[in-house]
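Below is one structure; the comments refer to it alone.
The values are calculated or read from the model by the stated rules, or taken from the named source; none is laboratory data. Please read all numbers here as calculations on a predicted model, not as lab measurements. Note that we place each Cβ from the backbone using ideal geometry, even for glycine, and neighbour counts take in every protein chain shown.
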Amino acid sequence: MRLPKSMFALGVAALSLAITQNAQAGKSDDTLNWASSREVAVVDPYYNNTRMLVIMGQMGWDGLVFRDIESGEFKPLLAKSWKWNGDKAIEFELRDDVKFHDGTDFDADDVVYTLNHVSNKDNGVLTYRNVSWIENAEKLGPHSVRINLKKPFPPAFAYLANAVNMMPSGHYDNVPKKADGNPDYAAAKPVGTGPYKVSDIKAGEYVLMEKNDAYFADSPKGTPQIGKIRFRTIKEMNTAIAELLTGGLDWIWDVPKEQAERMADSPAVTVENAKTFRVSYLAFDVLGQSGQEFFKDKRVRQAFSHAINRESITKNLVGPASVVIPSACHPDQFGCAQDVPTYSYDPEKAKALLKEAGLENGFEFDLYAYREREFTEAVIGDLAKVGIKAKLNFMQYRALRDVVRKGNTPVNHMTWGSYSIPDVSAIVSNFFTHGPDDLTKDDKVKEYLGIADNSIDPAERTENYKKAFIRIAEEAYWVPMFTYAKYYAWSKDLDFSPTPDEIPRFYTTKWK
Amino acid sequence: MLYYTLKRLGVAVLVAITVSVLSFSMIYLSGDPAVALAGEGASNEDIENVRRVYGFDQPIIVQYGSWLVQALQGNLGHSNYLKAPVASVIFERLPTTMLLGACSLAFALLLAIPLGVVAAIRPNSILDRAALSVAVVGQAMPSFWFALTLILWFGITWRLLPITGTDSWKNFIMPSMALGYYLTPAVMRLTRAGMLEVLSSDYIRTARAKGLRPMTVLFKHALRNAIIPVVSLAAVQFGFMLGGSIVIETIFAINGLGYLAWESIQRADLPMMQAIVLVLSIFYILLTFLADMLNAFLDPRIRVA
């Protein structure tokens, strides 16, 4: 719920300058209080796919491998080592000194049980694509397993590090039944091996996690520092800011730019704008399915690319950590080619292209969007300067998604977060391989992506992704806009650093 | 009286069924619940999987029918998002919302009735205008704005009251003021009008002529009669407060039924939404029914008509 904020923001800004008393509540009782707008009722990373559970998933659970956010390198976590066996199987040697939060030992049975449970479609894992590439898992010894893949899947390690957490064997076996008689897997009591263990949940209100004192010493996640970490749901941002300024909270995010900039002057909090994996883009109805056929003409699409001042939107509306993107991917993702044809902000060139396309008098079209209305309105303003009039249809995501897939949107302004997966297959292969989200159906792009998606040779993948991105840019199928950046605000007492994948590492956070 | 009661009961049941059908249809009109449940950016495969697992692939009429049959047997279903029986979640949160509603109503009555009495004693005086202004501001000022103002003063500036949660009675002060203030003008005007009418009646004149003390006349004889319509208004407004606490619960992060309703709409949690709408409409209908009965009991002309 977004409420008018100018009055409150001004008040908070004035008062935050006056507040010199630092927020001590969390530090004094060694409890980091953080909040977000989403409710958390299910604390299981397979049966709750919100961002909150991605964060808590990494606190409470471990995967086989760990991705170093600085170097991008995959390091051992629950696995000590691994090797590919052909291009459709990976064999892992597991640690033998890890215990679950309930005191049981971690071994190969747990890996086999977890992977075979979650990769079974009937078990209803919410984000099935995180595990859909797994055929099954086999036990090779007490501490060694083999994961069989359905087909070569190069980003397997990115998924293993980000989204495939290990549960104890039998974890989902004795869950209560739902009203329809099916097992309610989401009701399983949360037990993992991670640096924090879930100690209390009040559905929809809070989740309390406590430091796992038995966490293995040489984990690449490090040793947990803060005693307790308490998540709360606070839907209204003004309320969350008030709690942060008065010590009721130690950490918040998604602070609107205007309020974040004012809060930055407060001595009680640190404010930082950090990049995320989410990108913004405009996609065209290239096939003319919507009834407005302007966008079948490449010159019109290119005119859009020249007409929109992306630098200005990035600088003035999004935040300093946001960057303009040339390709249909996030620059931090593997395979995201940057040296592709680009379109500078040049309204005159846009007008010339429109004239060439026989549209020198401009035209009117329907633009669909669902998020940050102000960003879309800036786009509309830029288009108006070259004579193009956009009629904005602002909808909820779940309603818009169907409209987009049916090809009913002449132009849609959307975003994509790639599930924080640092590989371009999580974005470009979703939109350009003739699937339901593909509004272009370009055979050449599909062919390049087919090679890249199915090869485990990094050089071959890079080369073919680049060919695909060049073709997408030449044809101007998308106007890649910018990377999202979000504002974080936290207590001065907290030693915290945001990461570019939108997964705050509370397990490495400590008090100053 | 029996015929009147049965007639009102029949209308109440029809209203409950209509509300339930409308709310079920409206969630589908606002988009695909499988997309909402699968989350933003979910693949087609994920969405199809969710649709199949949660039964959204059935025709809407079948889904509604199966929900209705279960509901009539006392089973309100299982929340798709919270993964818990809907009834247990609702009855866990209902007391918080009822407490907030009761506190808000108490605040409104404690503020509005004295204001109404004061205004009626000296009609059209400065005192009357001042009382009216206090009440009208409550209706004119959006509740979220008033709530944020309270947070700014009592929460941040003076640090007197906790901003969020339900840990103690102090947590309910600001939300009750914000929610209750909106009701003040209606109660105040009704009290004032009732008091003016009663104060000019013969039996009050007689009471004064008997030499009773002004306070006794005012509170024992006049207010007791003038307040009857306020009682029925308060009963109906209590129902409104249960359903209308969404904004206030959101601002003060109170984990009540209004907040649950808002969240359930956001994530298209059909069984939860249906049950909340049903519970709230039953409350509202029940309170309206009680108000009707009370009025009919107090004023025989209503039940004859």
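If you go through segment A:231-284, how many residues are hydroxyl-bearing (Ser, Thr, Tyr) and within 12 Å of another protein chain (Cβ to nearest Cβ)? Break it down stepwise before answering.
Within segment A:231-284, the first condition is being hydroxyl-bearing (Ser, Thr, Tyr), and the residues that meet it are A:233, A:239, A:246, A:266, A:270, A:276, A:280-281.
Going one step further and asking which of them are within 12 Å of another protein chain (Cβ to nearest Cβ), we end up with A:233, A:239, A:246, A:266.
Final tally of qualifying residues: 4.
Residues checked against (1) polar (S, T, N, Q); (2) touching a residue at least 40 places away in the same chain (Cβ under 8 Å):
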residue: A:36; (1), (2): yes, yes
residue: A:41; (1), (2): no, yes
residue: A:72; (1), (2): no, yes
residue: A:83; (1), (2): no, no
residue: A:94; (1), (2): no, yes
residue: A:100; (1), (2): no, yes
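Here's the yes/no breakdown for (1) farther than 30 Å from residue B:38 by Cβ; (2) surrounded by 20 or more Cβ atoms within 10 Å (Cβ to Cβ); (3) not assigned by TED's automatic domain parsing to the domain that holds residue B:104:
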| site | (1), (2), (3) |
| --- | --- |
| B:230 | yes, yes, no |
| B:241 | yes, yes, no |
| B:249 | no, yes, no |
| B:255 | no, yes, no |
| B:260 | no, yes, no |
| B:289 | yes, no, no |
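Suppose we filter segment A:429-444 for residues that are more than 14 Å from residue A:284 (Cα to Cα) and within 14 Å of chain B (Cβ to nearest Cβ); how many remain? I'd like the intermediate steps shown before the answer.
First, the residues of segment A:429-444 that are more than 14 Å from residue A:284 (Cα to Cα): A:429-430, A:433-436, A:443-444.
Checking the rest, the ones that are also within 14 Å of chain B (Cβ to nearest Cβ) come to A:429-430, A:433-436.
Of the residues in that region, 6 qualify.
Considering only segment A:397-410, I want to know if a residue exists there that is surrounded by 20 or more Cβ atoms within 10 Å (Cβ to Cβ), at pLDDT 95 or above, more than 14 Å from chain B (Cβ to nearest Cβ) and within 27 Å of residue A:337 (Cβ to Cβ).
Yes: one or more hits.
Within segment B:247-273, how many residues are within 13 Å of chain A (Cβ to nearest Cβ), in a helix (DSSP H, G or I) and either on the phi > 0 side of the Ramachandran plot or of a type outside the set (Ser, Thr, Tyr) (or both)?
Going through segment B:247-273, the residues within 13 Å of chain A (Cβ to nearest Cβ) turn out to be B:247-272.
Next cut, in a helix (DSSP H, G or I) only: B:247-251, B:257-266, B:270-272.
So of that shortlist, the ones also either on the phi > 0 side of the Ramachandran plot or of a type outside the set (Ser, Thr, Tyr) (or both) come out as B:247-249, B:251, B:257-258, B:260-263, B:265-266, B:270-272.
The qualifying residues number 15.
Can you name every residue in segment B:236-249 that is farther than 16 Å from residue B:91 by Cβ and either at pLDDT 90 or above or under 11 Å from the mean Cα position of the chain (by Cα) (or both)? Spell out the reasoning first.
Start the filter on segment B:236-249 by keeping residues that are farther than 16 Å from residue B:91 by Cβ, which leaves B:236-241, B:243-249.
Across segment B:236-249, the qualifying residues are B:236, B:237, B:238, B:239, B:240, B:241, B:243, B:244, B:245, B:246, B:248, B:249.
Kindly indicate the residue of segment B:209-218 that is on the phi < 0 side of the Ramachandran plot and free of Cβ contacts under 8 Å to residues at least 24 places away in the same chain and also surrounded by the most Cβ atoms within 10 Å (Cβ to Cβ) among those meeting that condition.
Going through segment B:209-218, the residues on the phi < 0 side of the Ramachandran plot turn out to be B:209-210, B:212-218.
Those left that are additionally free of Cβ contacts under 8 Å to residues at least 24 places away in the same chain: B:209-210, B:212-217.
On the way: B:209: 8, B:210: 8, B:212: 15, B:213: 11, B:214: 10, B:215: 8, B:216: 11, B:217: 19.
Restricting to residues being on the phi < 0 side of the Ramachandran plot and free of Cβ contacts under 8 Å to residues at least 24 places away in the same chain, the top hit is B:217.
Check off (1) more than 24 Å from the chain's Cα centre (by Cα); (2) more than 30 Å from residue B:271 (Cα to Cα); (3) modelled with pLDDT under 90; (4) within 14 Å of chain A (Cβ to nearest Cβ) for residue B:152 and give me the number that stays unchecked.
Failed condition: (3).
Do we have any residue at all in segment A:306-325 that's farther than 30 Å from residue A:72 by Cβ, at pLDDT below 95, assigned to a helix (DSSP H, G or I) and more than 18 Å from the chain's Cα centre (by Cα)? Steps first, answer last, please.
From segment A:306-325, those farther than 30 Å from residue A:72 by Cβ are A:306-309, A:312, A:316; that's our starting set.
With at pLDDT below 95 added as a condition, the list becomes A:316.
After this cut, where a residue has to be assigned to a helix (DSSP H, G or I) as well, the list is A:316.
Those left that are additionally more than 18 Å from the chain's Cα centre (by Cα): A:316.
Within segment A:306-325 (the criterion being farther than 30 Å from residue A:72 by Cβ, at pLDDT below 95, assigned to a helix (DSSP H, G or I) and more than 18 Å from the chain's Cα centre (by Cα)), the answer is yes, since at least one residue qualifies.
Matching residues to (1) of a type in the set (Lys, Arg); (2) over 30 Å from residue A:422 (Cβ atoms); (3) in contact with a His (Cβ under 8 Å, 6 or more places away or on another chain):
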residue: A:163; (1), (2), (3): no, no, no
residue: A:167; (1), (2), (3): no, no, yes
residue: A:182; (1), (2), (3): no, yes, no
residue: A:206; (1), (2), (3): no, yes, no
residue: A:213; (1), (2), (3): no, yes, no
residue: A:217; (1), (2), (3): no, no, no
residue: A:231; (1), (2), (3): no, no, no
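Within segment B:161-185, how many residues are within 14 Å of chain A (Cβ to nearest Cβ) and over 30 Å from residue B:119 (Cβ atoms)? Talk me through it step by step, then tell me what you get.
Within segment B:161-185, the first condition is being within 14 Å of chain A (Cβ to nearest Cβ), and the residues that meet it are B:161-168, B:170-171, B:174-175, B:178.
Next, only the ones that are over 30 Å from residue B:119 (Cβ atoms) stay: B:162-168, B:170-171.
Counting residues in segment B:161-185 that are within 14 Å of chain A (Cβ to nearest Cβ) and over 30 Å from residue B:119 (Cβ atoms) gives 9.
If we scan segment A:156-168, do we find a residue that is free of Cβ contacts under 8 Å to residues at least 60 places away in the same chain, crowded, with 21+ Cβ neighbours inside 10 Å and out of contact with any Gly (no Cβ under 7 Å at 6 or more places or on another chain)? I'd like the intermediate steps shown before the answer.
Residues of segment A:156-168 free of Cβ contacts under 8 Å to residues at least 60 places away in the same chain: none.
So far as segment A:156-168 goes, no, none of its residues is free of Cβ contacts under 8 Å to residues at least 60 places away in the same chain, crowded, with 21+ Cβ neighbours inside 10 Å and out of contact with any Gly (no Cβ under 7 Å at 6 or more places or on another chain).
Please pick out the residue among B:86, B:53 that is modelled with pLDDT under 80 and either buried (at least 19 other Cβ atoms within 10 Å of the Cβ) or charged (D, E, K, R) (or both). Step through it out loud before you land on a result.
Details: B:86 fails: modelled with pLDDT under 80.
Criteria check complete, one pass: B:53.
Please pick out the residue among B:99, B:72, B:68 that is of a type outside the set (D, E, K, R), surrounded by fewer than 23 Cβ atoms within 10 Å (Cβ to Cβ) and assigned by TED's automatic domain parsing to the domain that holds residue B:282.
Details: B:72 fails: assigned by TED's automatic domain parsing to the domain that holds residue B:282; B:68 fails: assigned by TED's automatic domain parsing to the domain that holds residue B:282.
Matching residue, one of B:99, B:72, B:68: B:99.
Residues of segment A:181-207 being in a strand (DSSP E or B), surrounded by 21 or more Cβ atoms within 10 Å (Cβ to Cβ) and within 11 Å of chain B (Cβ to nearest Cβ), which ones?
none
So in segment A:411-420, with the set limited to residues that are small (Gly, Ala, Ser) and on the phi > 0 side of the Ramachandran plot, which one is nearest to the other protein chains (Cβ to nearest Cβ)? Before the answer, list the steps.
The initial filter retains those residues of segment A:411-420 that are small (Gly, Ala, Ser), namely A:417-418, A:420.
Filter once more, keeping what is on the phi > 0 side of the Ramachandran plot: A:418, A:420.
Values: A:418: 8, A:420: 10 Å.
So, considering only residues that are small (Gly, Ala, Ser) and on the phi > 0 side of the Ramachandran plot, the one nearest to the other protein chains (Cβ to nearest Cβ) is A:418.
What do you reckon, is residue B:195 buried (at least 24 other Cβ atoms within 10 Å of the Cβ), more than 14 Å from chain A (Cβ to nearest Cβ) and at pLDDT 85 or above?
Criteria met by residue B:195.
Considering segment B:75-118 alone, what residues qualify as being more than 26 Å from residue B:174 (Cα to Cα), part of a helix (DSSP H, G or I) and in contact (Cβ under 8 Å) with a residue 60 or more places away in the chain?
Filtering segment B:75-118 for residues more than 26 Å from residue B:174 (Cα to Cα) gives B:75-88.
With the extra rule that they be part of a helix (DSSP H, G or I), the set shrinks to B:86-88.
Those that are more than 26 Å from residue B:174 (Cα to Cα), part of a helix (DSSP H, G or I) and in contact (Cβ under 8 Å) with a residue 60 or more places away in the chain: B:86, B:87.
Within segment A:149-180, take every residue that is in a loop (DSSP other than H, G, I, E, B) and aliphatic (A, V, I, L, M) and give me the one that is nearest to the other protein chains (Cβ to nearest Cβ). Reasoning before the result, please.
Within segment A:149-180, the first condition is being in a loop (DSSP other than H, G, I, E, B), and the residues that meet it are A:150-155, A:163-176, A:178-180.
Filter again for aliphatic (A, V, I, L, M), leaving A:163-164, A:166-167, A:175, A:179.
Numbers: A:163: 12, A:164: 15, A:166: 21, A:167: 16, A:175: 10, A:179: 5 Å.
Taking the candidates together, the pick is A:179.
Residue A:491 passes all but one of (1) over 30 Å from residue A:246 (Cβ atoms); (2) in contact with a Gly (Cβ under 8 Å, 6 or more places away or on another chain); (3) hydroxyl-bearing (Ser, Thr, Tyr); which number fails?
Among (1) over 30 Å from residue A:246 (Cβ atoms); (2) in contact with a Gly (Cβ under 8 Å, 6 or more places away or on another chain); (3) hydroxyl-bearing (Ser, Thr, Tyr), residue A:491 violates only (1).
Kindly evaluate residue B:296 against the criterion of being modelled with pLDDT under 85 and not in a helix (DSSP H, G or I). Don't jump to the end; show me each part of the working.
Numbers: modelled with pLDDT under 85: yes; not in a helix (DSSP H, G or I): no.
So residue B:296 fails the test.
For residue A:37, only one of the following conditions fails: (1) modelled with pLDDT under 85; (2) surrounded by fewer than 23 Cβ atoms within 10 Å (Cβ to Cβ). What is its number?
Going through (1) modelled with pLDDT under 85; (2) surrounded by fewer than 23 Cβ atoms within 10 Å (Cβ to Cβ) one by one, residue A:37 breaks only (1).
Can you find even one residue in segment A:427-434 that is of a type in the set (Gly, Ala, Ser) and in contact (Cβ under 8 Å) with a residue 40 or more places away in the chain?
So far as segment A:427-434 goes, no, none of its residues is of a type in the set (Gly, Ala, Ser) and in contact (Cβ under 8 Å) with a residue 40 or more places away in the chain.
Would you mind stating whether residue A:244 is outside any loop (DSSP other than H, G, I, E, B), surrounded by fewer than 21 Cβ atoms within 10 Å (Cβ to Cβ) and modelled with pLDDT of 90 or more?
no
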